[in-house]
Amino acid sequence: MKKIALVIAAHPDDEILGCGATLAKMARTGYSVHSIIVSEGITSRKSKDSKKQLLDLRKANKKSSKIINFTSMQLLNFPDNKLYSVDFLKIVQTFESIIDKIKPSIVFTHHSGDLNIDHQIVNRAVITATRPIEKCPVKKILTFETPSSSEWRFDEENTFVPNYFENIEKFIKFKINALKAYKSEMRKFPHPRSIENVKSIAKVRGSTVGFRFAEAFRIVRQIKN
């Protein structure tokens with residue numbers, strides 16, 4: 001049986017920040033890896049040249065996708081930071097249609113407690129679209145942390161507490177290079193969404209479980225035949 005993984009992320013660069021190295025590892029170790037970006041990622045920003053920013057972001061997304069080696073990448077173009085304005089059923093049905101076509105056994109998505117409202121909605125829609133009914137191909141759901149969203153919630157109830165770690169010692173370079181492609185989205189240290197901090201997180205997660213670098217996840221559901 002072909003091994004297929006899918007990441008569903010709210011905004012361009014979330015897929016790399018959250019699990020870019022793991023996806024690069026899977027793409028190079030026998031998996032067909034697919035990426036879905038839900039929001040166009042620009043319209044909520046105050047900008048005089050949003051069209052150019054959108055074009056640049058599309059180019060960055062395409063470049064980073066090649067670095068990770070995605071089998072396919074799809075942009076859904078829902079409104080940025082306004083997913084609450086979209087009928088929730090429409091989002092769920094869109095995810096269901098994609099999952100039915102791709103048939104992934106593993107799905108990665110946002111942590112439910114993220115500060116960003118789009119992340120929260122995407123998480124809820126993924127969990128709904130992958131409910132374990134007959135013929136649902138998804139057997140494992142992993143949520144990831146997103147710097148500048150997961151750690152900024154500041155309350156114990158919604159804290160990201162990982163229970164699954166992926167060794168990315170040989171693959172962190174792909175994550176860093178893919179993030180560098182998203183030049184407009186990255187910030188200078190000590191901002192959480194900086195190259196330095198992303199490396200630091202990978203070191204901390206790695207040292208937690210005895211690796212030099214790791215990405216951390218929370219298992220939402222795992223079904224074994």
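The values are calculated or read from the model by the stated rules, or taken from the named source; none is laboratory data. In this text the structure is predicted, and so the values were computed from the model without any measurement. Glycine gets a Cβ as well: all are built from the backbone with ideal geometry, and neighbour counts include every protein chain shown. Areas reflect the complete protein model, heavy atoms only, side chains present, ligands, DNA and RNA absent. Shrake-Rupley method; radii C 1.70, N 1.55, O 1.52, S 1.80 Å.
Name every residue in the range 122-169 that is of a type in the set (Lys, Arg) and closer than 26 Å to Lys59 by Cα, in order of residue number.
none
Quick one: how many residues across the range 79-102 are surrounded by 14 or more Cβ atoms within 10 Å (Cβ to Cβ) and at pLDDT 95 or above?
11
Out of curiosity, is Thr22 in a loop (DSSP other than H, G, I, E, B) and at pLDDT 95 or above?
no
Looking at (1) of a type in the set (A, V, I, L, M); (2) over 15 Å from Ile91 (Cβ atoms); (3) under 12 Å from the mean Cα position of the chain (by Cα), find the lone condition where Val122 falls short.
Status for Val122: all satisfied but (2).
Condition first: in contact (Cβ under 8 Å) with a residue 40 or more places away in the chain, of a type in the set (Ser, Thr, Tyr) and part of a helix (DSSP H, G or I). Can you find one or more residues in the range 160-182 that meet it?
So far as the range 160-182 goes, no, none of its residues is in contact (Cβ under 8 Å) with a residue 40 or more places away in the chain, of a type in the set (Ser, Thr, Tyr) and part of a helix (DSSP H, G or I).
Within the range 25-40, can you find the residues that are open to solvent by 20 Å² or more (accessible area, probe 1.4 Å) and not in a helix (DSSP H, G or I)?
Matches in the range 25-40: Arg28, Thr29, Gly30, Tyr31, His34.
Kindly provide the set of residues from the range 131-154 that are charged (D, E, K, R), free of Cβ contacts under 8 Å to residues at least 40 places away in the same chain and within 16 Å of Val220 (Cβ to Cβ), ordered by number.
Of everything in the range 131-154, just one residue is charged (D, E, K, R), free of Cβ contacts under 8 Å to residues at least 40 places away in the same chain and within 16 Å of Val220 (Cβ to Cβ), namely Arg131.
Return the residue satisfying two criteria in turn: it lies in the range 108-150 and is among the charged types (D, E, K, R) and modelled with pLDDT of 95 or more, and of such residues it is most open to solvent (accessible area, probe 1.4 Å).
Ranking the candidates gives Arg124 first.
Show the residue pairs that are 6+ apart or on different chains and have beta-carbon atoms under 9 Å apart, the first residue being within the range 85-101 and charged (D, E, K, R), the second being assigned to a helix (DSSP H, G or I).
Pairs that qualify, where the first residue is charged (D, E, K, R) and the partner is assigned to a helix (DSSP H, G or I), are Glu96/Thr128; Glu96/Ala129.
What number of residues in the range 50-101 are closer than 21 Å to Asp118 by Cα and hydroxyl-bearing (Ser, Thr, Tyr)?
Number satisfying all stated conditions: 5.
Is there a residue in the range 120-130 that is in contact (Cβ under 8 Å) with a residue 24 or more places away in the chain and among the polar types (S, T, N, Q)?
Within the range 120-130 (the criterion being in contact (Cβ under 8 Å) with a residue 24 or more places away in the chain and among the polar types (S, T, N, Q)), the answer is yes, since at least one residue qualifies.
Determine, yes or no, whether Glu185 is of a type in the set (Asp, Glu) and either loosely packed, with under 14 Cβ neighbours inside 10 Å or assigned to a loop (DSSP other than H, G, I, E, B) (or both).
The answer is yes for Glu185.
Testing Ile91 on (1) under 22 Å from Met186 (Cβ atoms); (2) in a helix (DSSP H, G or I), one condition comes back false. Which one is that?
(1)
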